[in-house]
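Okay, so here's the structure we're looking at.
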Amino acid sequence: MDQKLERVYESVIARNPGEAEFHQAVREVLESLGPVIDRHPEYLEMKMLERICEPERQIIFRVPWMDDKGEVHINRGFRVEFNSALGPYKGGLRFHPSVYLGVIKFLGFEQIFKNSLTGLPIGGGKGGSDFDPRGKSDSEVMRFCQSFMTELYRHLGEYTDVPAGDIGVGGREIGFMFGQYKRITNRYESGVLTGKGIGWGGSLVRTEATGYGTVVFAEEMLKTRGETLDGKRVMVSGSGNVAIYASEKAAQLGATVVGFSDSSGFVVDEAGIDLDLLKQIKEIERGRVSDYVERRSSAKLGANGSIWDVPVDVALPCATQNELNGDQAATLIRNGVKVVAEGANMPTTPEGVHLFQEAGVLFAPGKAANAGGVATSALEMQQNASRDLWSFEYTEDRLTDIMKNIHEQVAATADSYGRPGDYVMGANIAGFEKVAKAIQAFGLV
Ligand code: GLU
């Protein structure tokens, strides 16, 4: 890393102790920006990097709720309003026991650049709670969401901050939170949350968007080498929204998806995964990978090792941060992987990224490859603002165009900085430049 940037990085660590994921995300961006500050020394004088690394506002609050047995629980809620240079803060809410300020800050920081890459008017933010929805009844989840929104609502607004889903937050949770926001504010403000149900202001394709977009991005990368996904073997980790719809799009484009996972283990299904069964188990029954294996004769439960031991052409990590480490990257490379596109946020460790890039594997960082989700959230906001509902086909076409544009923009930026094929550098620089220019225009704010 450039020495001047190293100093910025050290001050970020000193100011934000103990937030390992946030440090990792900042480091990855700063490592790309050396050539940018050579071209624009004014960014250093204006403390542009320090400004972007410091959230505009951080909100931490108590979330009390009562379970079905009458026992009281106290969770912690977060919303980090990171950067509003390009539009209202935009980014999901994550409900998972691993959530703490460092995770929310890493996600919010990534979101700034991701949202910038979409070309749509959205700033970056993220929020969530250490609440674990697993094993909770619908009424417990409802009471938690209502309590969470009873504090958060005062910080939100269609022109201020617009949350959506992330791990642990889907249509059910967005419904409970929208209902509470509407009740407290007495406003049917559709544009205040995205990922809503189709009958009440949601956008078609929002559920599919992150996974579909990731696969479109992978296909665009393959095309630069004269190939397509047709006939390729694909491995997808995770089994949430992103993983399910990445699998669906990959299958539509002629690939065979040979496995998926959840926190309890992984499944290998050489016949190609049965998407209807997977959706039934994960979306309706909220079941586990073992339920799939019991009902599908071609499927086996992974006994030892990891999902990344299975030889594939395309790896789509769609579960969570740091799920694919250096050793697993080395195994994938040995087995001939051609493309890795991150459906999750920062799923590959820095060592893994380095190995993929050294081996000439086409590697797409999450902030580019998974931007289709938030881009379609911005399309939902557009539909809400004009009180409209677009068709599935029209919305998917818009998403596909956005993903192709991101690919082109990222590839062209990498080329222009003398690093063809370096999607990490291309995404970081292209995302950063737009934000920096807007901040510069606003003066010292
Ligand atoms: N949580 C998603 C992400 O990581 C989507 C955010 C949104 O739609 O606002 O980008």
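If you take the residues of segment 303-323 that are among the small types (Gly, Ala, Ser) and out of contact with any helix residue (DSSP H, G or I) (no Cβ under 8 Å at 6 or more places or on another chain), which of them is nearest to residue 229 (Cα to Cα)?
The extreme case among them is 305.
Would you call residue 352 in contact with a Leu (Cβ under 7 Å, 6 or more places away or on another chain) and surrounded by 21 or more Cβ atoms within 10 Å (Cβ to Cβ)?
For residue 352, the condition - in contact with a Leu (Cβ under 7 Å, 6 or more places away or on another chain) and surrounded by 21 or more Cβ atoms within 10 Å (Cβ to Cβ) - is met.
Taking segment 268-321, which residues are touching a residue at least 40 places away in the same chain (Cβ under 8 Å) and either of a type in the set (S, T, N, Q) or touching a Cys at 6+ places or on another chain (Cβ under 7 Å) (or both)?
If the condition is that a residue be touching a residue at least 40 places away in the same chain (Cβ under 8 Å) and either of a type in the set (S, T, N, Q) or touching a Cys at 6+ places or on another chain (Cβ under 7 Å) (or both), then 306, 320, 321 are the ones that fit.
Does residue 231 satisfy the criteria of being in contact (Cβ under 8 Å) with a residue 60 or more places away in the chain and either within 15 Å of the chain's Cα centre (by Cα) or over 22 Å from residue 282 (Cα atoms) (or both)?
Against the criterion (in contact (Cβ under 8 Å) with a residue 60 or more places away in the chain and either within 15 Å of the chain's Cα centre (by Cα) or over 22 Å from residue 282 (Cα atoms) (or both)), residue 231 does not qualify.
Scan the strands (runs of 3 or more DSSP E) fully inside segment 71-155 and keep the ones with 1 or more residues being surrounded by fewer than 24 Cβ atoms within 10 Å (Cβ to Cβ) and of a type in the set (D, E, K, R).
Per the criteria, 72-83.
Looking at this structure, is residue 93 in contact with a Pro (Cβ under 8 Å, 6 or more places away or on another chain) and within 11 Å of the ligand (Cβ to nearest atom)?
yes
For segment 407-423, what are the residues that are aliphatic (A, V, I, L, M) and within 23 Å of residue 354 (Cβ to Cβ)?
Once the filter is applied, which keeps residues that are aliphatic (A, V, I, L, M) and within 23 Å of residue 354 (Cβ to Cβ), segment 407-423 yields 410, 411, 414.
(1) part of a loop (DSSP other than H, G, I, E, B); (2) over 21 Å from the mean Cα position of the chain (by Cα): which one isn't true of residue 204, the others all being true?
(2)
Go through segment 359-382 and give me each residue that's more than 8 Å from the ligand (Cβ to nearest atom), buried (at least 24 other Cβ atoms within 10 Å of the Cβ) and closer than 21 Å to residue 324 by Cα.
363, 364, 365, 367, 368, 369
No value in this document is a laboratory result; all are computed from the given coordinates. Remember, it's a predicted structure, so these values are computed and weren't measured experimentally. For neighbour counting, all protein chains shown are included, and Cβ atoms are generated from backbone atoms with ideal geometry for every residue, glycine included.
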